[in-house]
Amino acid sequence: MITRSVTIEDIDNLYLMWNDHINASALYRRALREEMEVRGVDPDELRDLLERAREQGYTLEEIAEDTNRFDDLQSLVEEQQTQPPAGDATDD
């Protein structure tokens, strides 16, 4: 898993200090899931597409460079699946 820095306000930091039992990472992930829901992205489908793209040999960095939304990732994965493997092309 990759860690990412998130800037929080002093009031957020103070509240988390008072309540050190709160898992801030879980709050962050929950907020991202809410954003996905607003935009009609199913997290399970996104996870599946990401795994399929990685199985096809893409790195996370390449996926981020080549796509910028769910539909782009879906197209990338489907495009790769429809291309014949190298060496299978016939020369007639």
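The values are calculated or read from the model by the stated rules, or taken from the named source; none is laboratory data. All values reported here derive from a predicted model rather than from experimental measurement. All Cβ positions, even for glycine, are placed from backbone atoms using ideal geometry, and neighbour counts span all protein chains on display. We work out accessible area using only protein heavy atoms, side chains counted, and drop any ligands, DNA or RNA first. Shrake-Rupley method; radii C 1.70, N 1.55, O 1.52, S 1.80 Å.
Figures for the structure shown
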{"read-out": "Which numbered condition Y58 misses (of (1) touching a Phe, Trp or Tyr at 6+ places or on another chain (Cβ under 9 Å); (2) under 30 Å from E78 (Cβ atoms); (3) part of a loop (DSSP other than H, G, I, E, B))", "value": "(1)"}
{"read-out": "Cβ pairs under 7 Å, 6+ apart, first in the stretch 1-19 and of a type in the set (F, W, Y), second open to solvent by less than 100 Å² (accessible area, probe 1.4 Å)", "value": "none"}
{"read-out": "Identity of the residue in the stretch 49-76, of a type in the set (D, E) and open to solvent by 70 Å² or more (accessible area, probe 1.4 Å), that ends up farthest from I8 (Cα to Cα)", "value": "E55"}
{"read-out": "Where a residue in the stretch 21-32 is small (G, A, S) and its partner, wherever it lies, is surrounded by 11 or more Cβ atoms within 10 Å (Cβ to Cβ) and outside any loop (DSSP other than H, G, I, E, B), with Cβ under 7 Å and at least six apart", "value": "A24/L16"}
